[in-house]
1. Name the one entry in A:Ile172, A:Ile122, A:Ile148, A:Ile144 that is touching a Leu at 6+ places or on another chain (Cβ under 9 Å) and part of a helix (DSSP H, G or I).
2. Just name the residue that is nearest to ligand 2 (Cβ to nearest atom) out of those in region B:170-190 that are open to solvent by 10 Å² or more (accessible area, probe 1.4 Å) and closer than 14 Å to B:Val145 by Cα.
3. Identify, please: which residue in region A:79-124 is surrounded by 11 or more Cβ atoms within 10 Å (Cβ to Cβ), out of contact with any helix residue (DSSP H, G or I) (no Cβ under 7 Å at 6 or more places or on another chain) and among the aromatic types (Phe, Trp, Tyr) and is, among those, farthest from A:Ile144 (Cα to Cα)?
4. Got a number for residues in region B:242-261 being more than 9 Å from chain A (Cβ to nearest Cβ), in a loop (DSSP other than H, G, I, E, B) and open to solvent by 40 Å² or more (accessible area, probe 1.4 Å)?
5. Confirm whether B:Leu74 is among the aliphatic types (A, V, I, L, M), surrounded by 20 or more Cβ atoms within 10 Å (Cβ to Cβ) and within 16 Å of ligand 2 (Cβ to nearest atom).
6. Filter region B:138-162 down to residues that are in contact (Cβ under 8 Å) with a residue 40 or more places away in the chain and part of a helix (DSSP H, G or I) and give me whichever is farthest from ligand 1 (Cβ to nearest atom).
7. Given the residues B:Leu82, B:Leu112, B:Leu65, B:Leu127, which is the only one that is farther than 17 Å from B:Ile266 by Cα and either within 16 Å of ligand 2 (Cβ to nearest atom) or more than 16 Å from the chain's Cα centre (by Cα) (or both)?
8. Exactly one condition in (1) closer than 24 Å to B:Ile47 by Cβ; (2) open to solvent by less than 70 Å² (accessible area, probe 1.4 Å) is false for B:Ile109; which is it?
Amino acid sequence: MSKSSQRSPFGWSNRGGQVTVIEAPVARSYRRRAVIAFWVTLGVVGLLAAMVASEYLHPILGGLLGVVLGAVLGAVVFALIVAWPVLRVFWHWLPEIVFGLAVVYGWTTLMESTPLWGSLLIVALVVGVPAAIAPVRRRVMAWIWCLIVRHRLRLCFAAFIATNRHGSLPLILLARPTPAGERVWVWLRPGLSLRDLEQDDQVQKLAVACWANEVRVMRAGRKYAALIRIDITRREPLAHTVVSPLPDYVPRDVPANAPTSPGMPPVGLDLPDVPDVPVSAPTDTPRQRKPRNPTTPTASPNGFDPSDYA
Amino acid sequence: MDLTDTIELPPQPDAPQTVPVGAGLSIFDPVFLGIDEFGHPAYLPMIYRNILIGGEPGAGKSSLLNTIVGHAALCPDVRLCLLDGKQVELGLWKDAADVFVGPDMDHAIRTLRRVQTVMDNRYSFLLARRRRKIGPNDLFGQILVACDEIAYFSATAGDKKDQDLFAALLRDIVARGRAVGIIVAAATQRPSSDIIPPSLRDLFAWRFAGRCTNDVSSDIVLGHGWYARGFSSNSIDPNNQGEGYLIAEGGIPNRVKAAYMTDADIIRVADYATWTRRRSGLAAPADLRTAA
Ligand SMILES: Nc1ncnc2c1ncn2[C@@H]1O[C@H](COP(=O)(O)OP(=O)(O)OP(=O)(O)O)[C@@H](O)[C@H]1O
Ligand SMILES: [Mg+2]
C-alpha cells in the first residue's frame, strides 16, 4: 500500500479504517501523564474526602466514600488530560467558534422576530456601516489580523521552532494591533529561549508564515526571560514627512541677518574650468606593501568584515 | 491618526523687538527626533550621550544631524563645534557656531585638540571643586561636536598619520567628554573598520541607522546581532528618507521617522540662533572669528 493512500483527505493517518486524531507518541505521552494525574488525584482527593467524611460517618464507610470520590475525580482528570490535545484545538479556535455560533443564532432569532426585509435591513446595517466607515473597518480588520496571526504563529511554533522534550509549544498570550501590524506576547516554555527564535533566519520564516513584511523578536521586559514580544509589520506607518517643531521656537519678527557672502565668484564650477594636473606622488607616502597578515581578508563577497566586530 | 500632524509645542512668548530672548530650550531636554511606528513622538536625550548616525547616501543622515544641531543651537548655553567635510550639510549653522570646519584636515585636528584641552581643563576644575560631573545651569555650558562625513577626515583627506590622529582625538573626546558636557554627534555612510576604528565606533551609545544597502551594513551601524533578531535597516524603503532604526533609551532599536527641516526652516532657526548668541556673547561675529 502506498503511503499516500493511507492518508485521508483531512491529513489524518487512516489505518484500518481508524482515524488517528492524536499522533501516537503524543497520545502515549499524554496517557502517561494522565495516569500519573489519576493516581495523584485519587490519593489527594481520596484522603481529604475520607477525612472529612469520617467526621460524619463510620470511618470505614467514610474511607470507602473517599476512595470512590477520588476515583471519580481522578477519572475526570484522566479523561481531560487524554483528550487535551483535542480540547486544545477547540480552545485555540474559541473566538471563531463563538463568533460562528453568534452569527447562526443571531440570524435565526432575527428571522423569527422580524419579517425578511427587516432582518435583511438590520444585517445590511450591522455589516454595511462598519464596512463603510474607514476607521471602524480598519479597526475590525486589525482585530481579524490579530486572530489570524495567533494561528499562524502557532503553526510556525509547531512546524519549525524547536520544542522541549514534552512537545509543549510556546504559549501565545495577547495579540494587539499596532499601526504597523500586530504585536504578540509569547511565553516561552522551559527548553526554549529567545536565541531559538533568533537563530538562522527564523524571523524571516516567521514573516513568511504570517504573511507579513517583517517580524522582529525581542524581550518584553527586563523581568522575565521567558516573556518575549513579537512585532509583526505589514504596513508602513512612517511614510509621511514629519515636520520639525524647531522653527516654531523662533519668533515671527526676527530680522533677516543672513550674510550671503558675495566674495565667492562662480569660478571653477564646471569641468573645463579645472585644469588637468598630473598626479605627483608625494615623497613621504608609504609604499604599497603586501599585508603582513595574509589571513585577514580585506572584504568577503557579502561585505562581512570580521574586523568590524573585533 | 494623521501622522503628518506637527507635534504641538507650548506657545512661545513673543520676543521683544530689541533684546532677543533665547528659545528656552535646554540641552538637558531630550531632542525631538521624530515619530515612531506607533505615532508617538520619539525623543533623544543628548546630554551625557553620543550618537552615531549611519546609512546609505541619501538616507537622511545629515537631516537628522541638522535636527540635533538645531536643537543645540536654540539652547542658550551650548556651543557648537561643527565639522563637515561636505560644507553644505552643516554650513547653514556656520554663523551660529563657534567653530566651523570645512574640508580642512589641519583645522579639524586643531579644533579637536582645542576641544580636548577644554575637556582636560574642565576635569581639573571639577576635581578642584570635588565634583564628578556637570549639571544644568553650571558654571560652564555644554559643547556639541557635530561631525558629518567622518569618513572624509578619518579615511580620505590628509595622510594616514593625520587620519589616525583625527580618529584618536575624536575617540578621546567621545570617551571622556561625557561628564563635562561635551556631546558628540557623528554621521557617516558606513562606519566599517576601514573608515573608523571599531574602538571608536563602539563608544557611541546611541545609534541611528537610516536605510542601509545590506543587512551587514545595518549591523555595523546598530551593532552586531540585530539583524538576526529582525532589525535590519535594509528593509526600509529607499524612497522613505529619514526613516531608520534608532537605538536610544531601552536599548532596543525603534523604527522612527526623523523630523525634517527644510532649508528655509534651517536658515530661519540658524539666523535666530546667531542673533541671540551674538547678543549673549556666545558666538563671536564671523569676521572676528576668521581674523583670530
Ligand atoms: N526626515 C526626512 N523626511 C523627509 N525627507 C527627508 C528626511 N531626511 C532626508 N530627507 C530627504 O532626503 C534627502 C537626502 O537627505 P540627506 O542629505 O540628509 O542624506 P544623507 O544621508 O546625509 O546623504 P549623504 O550620505 O549623501 O550625505 C534630503 O534632501 C531630503 O529631501
Ligand atoms: Mg549627508
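1. Values: A:Ile172 fails: part of a helix (DSSP H, G or I); A:Ile148 fails: touching a Leu at 6+ places or on another chain (Cβ under 9 Å); A:Ile144 fails: touching a Leu at 6+ places or on another chain (Cβ under 9 Å).
That would be A:Ile122, the only listed residue that is touching a Leu at 6+ places or on another chain (Cβ under 9 Å) and part of a helix (DSSP H, G or I).
2. In the first step, residues of region B:170-190 are kept if they are open to solvent by 10 Å² or more (accessible area, probe 1.4 Å); the result is B:171-172, B:175-176, B:178-179, B:189-190.
When the remaining residues are screened for being closer than 14 Å to B:Val145 by Cα, the result is B:171-172, B:175-176, B:178.
Working: B:Arg171: 22, B:Asp172: 25, B:Ala175: 25, B:Arg176: 27, B:Arg178: 25 Å.
Among those that are open to solvent by 10 Å² or more (accessible area, probe 1.4 Å) and closer than 14 Å to B:Val145 by Cα, it is B:Arg171.
3. Among those residues, the one meeting the criterion is A:Trp107.
4. Initially, region B:242-261 is screened for residues more than 9 Å from chain A (Cβ to nearest Cβ), giving B:244-251, B:254.
Now narrow it down to the ones that are in a loop (DSSP other than H, G, I, E, B): B:248-251.
Those still in the list that are open to solvent by 40 Å² or more (accessible area, probe 1.4 Å) too: B:249-250.
The qualifying residues number 2.
5. Details: among the aliphatic types (A, V, I, L, M): yes; surrounded by 20 or more Cβ atoms within 10 Å (Cβ to Cβ): yes; within 16 Å of ligand 2 (Cβ to nearest atom): no.
Considered against the rule, which asks whether it is among the aliphatic types (A, V, I, L, M), surrounded by 20 or more Cβ atoms within 10 Å (Cβ to Cβ) and within 16 Å of ligand 2 (Cβ to nearest atom), B:Leu74 comes out as no.
6. Kept after step one, since they are in contact (Cβ under 8 Å) with a residue 40 or more places away in the chain, are these residues of region B:138-162: B:138, B:140-158, B:162.
Next cut, part of a helix (DSSP H, G or I) only: B:150-156, B:162.
Working: B:Ile150: 11, B:Ala151: 10, B:Tyr152: 11, B:Phe153: 14, B:Ser154: 15, B:Ala155: 14, B:Thr156: 13, B:Asp162: 22 Å.
It comes out as B:Asp162.
7. Values: B:Leu82 fails: farther than 17 Å from B:Ile266 by Cα; B:Leu112 fails: either within 16 Å of ligand 2 (Cβ to nearest atom) or more than 16 Å from the chain's Cα centre (by Cα) (or both); B:Leu65 fails: farther than 17 Å from B:Ile266 by Cα.
Matching residue, one of B:Leu82, B:Leu112, B:Leu65, B:Leu127: B:Leu127.
8. In the conditions (1) closer than 24 Å to B:Ile47 by Cβ; (2) open to solvent by less than 70 Å² (accessible area, probe 1.4 Å), B:Ile109 misses (1) alone.
The values are calculated or read from the model by the stated rules, or taken from the named source; none is laboratory data. Since the structure is predicted, the reported quantities are computational estimates derived from the model, not experimental observations. With ideal geometry, Cβ positions are generated from the backbone for all residues, glycine too; neighbour counts draw on all protein chains shown. Quick note on the areas: whole protein, heavy atoms, side chains included, nothing else; ligands and nucleic acids left out. Shrake-Rupley method; radii C 1.70, N 1.55, O 1.52, S 1.80 Å.
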